[in-house]
1. Among the residues of region 408-421, which ones are part of a loop (DSSP other than H, G, I, E, B) and either buried (at least 16 other Cβ atoms within 10 Å of the Cβ) or within 11 Å of ligand 1 (Cβ to nearest atom) (or both)?
2. Have a look at I352, I327 and point out the one that is free of Cβ contacts under 8 Å to residues at least 60 places away in the same chain and not in a helix (DSSP H, G or I).
3. Suppose we filter region 297-312 for residues that are assigned to a helix (DSSP H, G or I) and surrounded by fewer than 24 Cβ atoms within 10 Å (Cβ to Cβ); how many remain?
4. With the structure loaded, tell me whether F80 is in a loop (DSSP other than H, G, I, E, B), crowded, with 20+ Cβ neighbours inside 10 Å and not aliphatic (A, V, I, L, M) or whether it fails that test.
5. With respect to R53, is the statement that it is out of contact with any Ser or Thr (no Cβ under 7 Å at 6 or more places or on another chain), of a type in the set (K, R), surrounded by 14 or more Cβ atoms within 10 Å (Cβ to Cβ) and not assigned by TED's automatic domain parsing to the domain that holds S233 true?
6. Report yes if D117 is assigned by TED's automatic domain parsing to the domain that holds V304 and not in a strand (DSSP E or B), otherwise no.
7. Taking region 352-396 as the search range and keeping residues that are on the phi > 0 side of the Ramachandran plot and either under 27 Å from the mean Cα position of the chain (by Cα) or more than 8 Å from ligand 2 (Cβ to nearest atom) (or both), which one is modelled with the highest pLDDT?
8. Take N143 and tell me if it is of a type outside the set (D, E, K, R), within 25 Å of Y285 (Cα to Cα) and in a strand (DSSP E or B).
Amino acid sequence: MVKLAEHKSRTEHNAIETARLPDKAYIPLNQHIGKICNKVEVNPGDTVLRGQRLAGSDGNVFAPVHASISGKVAGIQNWFHPLMGKSRAIVIENDGNDTPVPMSLRPQAEINALTPDQIRAIIFEAGIVGMGGASFPTHIKLNPPKPVDTLIINGCECEPYLTGDYRLMVERTKEIILGMKLVAKCLGVKNIYIAVEDNKPEAIKAFEILSGAVPADKQSGADTQYSVRTLKSLYPQGGEKQLIKNVLGKEIPRGRLPFDTGVVVQNVATFFAVYEAVYKMKPLYERVVTVTGSCLSNPQNLLVRIGTPIKQLVEFCGPLKNPPAKIIFGGPMMGIAKSSDLVPVIKSTTGIVLFTKEETGIKEEEFCIRCGACVKECPAGLMPCLINTASEKGFWAHAKANGCLDCIECGICSYVCPANRRIVQSIRRAKMEAMKL
Ligand code: SF4
Ligand code: SF4
């Protein structure tokens, strides 16, 4: 793991603000790992309400999508997508009323009586996916094929520019803990670790006070135990396998998943979404996004409706001080550069970072000098230089044999490479191709 220069001070003390509603929301039908929502439940011209379900799928692995504003369905068309270039999207024209579907507080007695299956059903209907960037449907993750005994709440947010999770942990601690208890009930786990990096002292304090956490050395093992774990702020501390290793001392072998060692890891924003779905009957149609970068005069942590084009968020955080040369969806380490500002926010969008020309620091790619730096630093134990070469030559089977599917796309290999090799981009390509083999 590496220590990165932090750029969180622009937004880490800014409380979450609500972004202006979009004039048009573009709701992609594919915002999750799994099958696209091919069963569209509305037609052009229909009136829809905020929170109304718009589409599901005939597949097994998916999360339904919902309207994020009220208005009229203007069309169903190909539109920009932050991860896929373009994808089918439902376009909603804002009617300015923001009329919701009926949502109300669920009575506490009813919440207490919910079974794990009922909690998973609510999470599914709310369309919740992993909101730290992974976007795997949460109801499936909470129904692992093997018994698990440990839940880790991932509050690391190790990307150097992002602060949305931090603000959520400070401002919505109680709600995250309530979501955490529901998830623990779903999984039937007794060991719960809240993992936060040491650069977020306010969040650590809030969790220690409100969760009733018991220090690890004082746990009796008799009942559900909460424990706050403070971790060094290193990158990529928030990667699932790194987190499990640093919290529990367990290694997840290549090709295995956390549940193989009895562990489930979820991001803090996902717990908050679970809380809202169960307690407030609210589907996932908005999320906190950090909009930042030195180009902006007013960088912020914004509560944003899904489907809002980034152009509108940039205007909201403006005026621009410098023209952006590069827009990154997500953080600079794991995010993806986008050329259009019409790309909409989706459920897994953690941040939007605008870089000036000077900050992009794009350098010419040179030949690999076999220095081994990428191999030494890869947290997944891979040989990135080999996968990079295989990918460039289109040797997908070779890339797969060298473990490209275990790459967590952390970007460290590119970051440390003295030859400026675009390693992570080529590994992303290899992963897509290797999955087809
Ligand atoms: S190969 Fe993947 S996991 Fe390893 S450093 Fe590069 S991006 Fe990170
Ligand atoms: S860090 Fe760059 S130059 Fe060094 S071995 Fe890896 S790819 Fe080659």
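The values are calculated or read from the model by the stated rules, or taken from the named source; none is laboratory data. It should be emphasised that the depicted structure is a prediction, and the values quoted were computed from it without experimental measurement. Because the Cβ atoms are built from the backbone with ideal geometry, glycine has one as well, and the counts that use them run over all protein chains shown.
1. Narrowing region 408-421 to residues part of a loop (DSSP other than H, G, I, E, B): 408-411, 417-421.
Within region 408-421, I408, E409, C410, G411, C417, A419, R421 meet the criteria.
2. Values: I352 fails: free of Cβ contacts under 8 Å to residues at least 60 places away in the same chain.
I327 is the lone residue from the list that is free of Cβ contacts under 8 Å to residues at least 60 places away in the same chain and not in a helix (DSSP H, G or I).
3. Looking only at region 297-312, we keep the residues that are assigned to a helix (DSSP H, G or I), and these are 310-312.
Okay, now just the ones that are also surrounded by fewer than 24 Cβ atoms within 10 Å (Cβ to Cβ), so 311-312.
Number satisfying all stated conditions: 2.
4. On the way: in a loop (DSSP other than H, G, I, E, B): no; crowded, with 20+ Cβ neighbours inside 10 Å: yes; not aliphatic (A, V, I, L, M): yes.
Answer is no for this residue.
5. yes
6. Details: assigned by TED's automatic domain parsing to the domain that holds V304: no; not in a strand (DSSP E or B): yes.
Taking the combined requirement at face value, the residue does not satisfy it.
7. Filtering region 352-396 for residues on the phi > 0 side of the Ramachandran plot gives 361, 370, 372, 381, 394.
Checking which are either under 27 Å from the mean Cα position of the chain (by Cα) or more than 8 Å from ligand 2 (Cβ to nearest atom) (or both) leaves us with 361, 381, 394.
Details: G361: 70, G381: 91, G394: 95.
Looking at residues that are on the phi > 0 side of the Ramachandran plot and either under 27 Å from the mean Cα position of the chain (by Cα) or more than 8 Å from ligand 2 (Cβ to nearest atom) (or both), I get G394.
8. Numbers: of a type outside the set (D, E, K, R): yes; within 25 Å of Y285 (Cα to Cα): yes; in a strand (DSSP E or B): no.
Here the answer is no, as N143 does not meet what is asked.
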